[in-house]
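All of the numbers you see were taken from the coordinates with simple rules; none came from a lab. All of these numbers come straight from a predicted model, not from anything done at the bench. Because the Cβ atoms are built from the backbone with ideal geometry, glycine has one as well, and the counts that use them run over all protein chains shown.
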Amino acid sequence: MDYLQQAKEFFKNEGYAIETTGIVIEYAEPQNAVCSLTVSDKHKNGVGVVMGGAIYTLADFAFAVAANVGQPLTVTLEGQITYLNPAICQKLIAKTVCEKSGSKICIYRVLVTDENENEIASAKFIGCRTSKK
C-alpha cells in the first residue's frame, strides 16, 4: 500500500475534516502532505470570504496527515495560525514542511494558498507522539 492510500485508510473515519468540511488528501508520505478544500458557500462567512475556522481545519488536518503517515500516532499539542490574506477563491491548498520529527515531539509549518498560489495563511503545529504504530 502506498502512503497516499495508507493516509486515506487511516483517516477514513474522520467525520469532521473529510465528511463535513470536504477536505481531500492529495499527497502523503512520512513528514509531508498536501490537502485541499474546494470552497463552497458553507465555508464562507457573512462577507463572502472563507471563514478562518475552515482554513485552520485544513491546516490542522494537513499537519495530522503528515505527522501520522508512516509515523507513530501523533496528536496536536499546539496550533498557531496567522491569516495573511482574505480567501476569496475556489480552492485552498495546504502544504506541510517538517521542522522537527523527534521520538516524542514534532513541529510542522503549514502554508495555505489559493489555487493561484496566493498565500492565505501560515500555521505552526506542535505534535506529541503518543505511541508506536
Rotationally averaged projected area of the chain (alpha carbon convex hull; nm²): 7.5 nm²
- line: One can check that the equivalent ellipsoid of segment 1-77, built from the alpha-carbon gyration tensor with semi-axes equal to the square roots of five times its eigenvalues, has lengths in Å, largest first, of 24, 12, 10
Per-selection metrics, segment 37-87 (Cα): Rg and Dmax in Å: 13.2, 41
field: segment 67-133 pair-distance distribution - Cα-Cα, 5 Å bins, rounded %
entry: 4, 18, 24, 18, 14, 12, 8, 2, 0
Neighbourhood net charge (10 Å Cβ-Cβ; Lys/Arg +1, Asp/Glu -1) for residue 95: 0
query: Most mobile of 27, 108, 16 per a Gaussian network model of the chain (Cα springs, under 10 Å)?
result: 16
query: What whole number of Å gives the distance from the Cα centroid of segment 69-128 to the Cα centroid of segment 28-48?
result: 11 Å
query: Are any of the pairs 8/42; 42/95; 8/124; 44/91 more than 20 Å apart by Cα-Cα distance, and if so, which?
result: 8/42; 42/95; 8/124
- prompt: To the nearest 0.05, what FRET efficiency results for residue 77 and residue 41 with a Förster distance of 35 Å applied to their C-beta separation?
  reply: 0.55
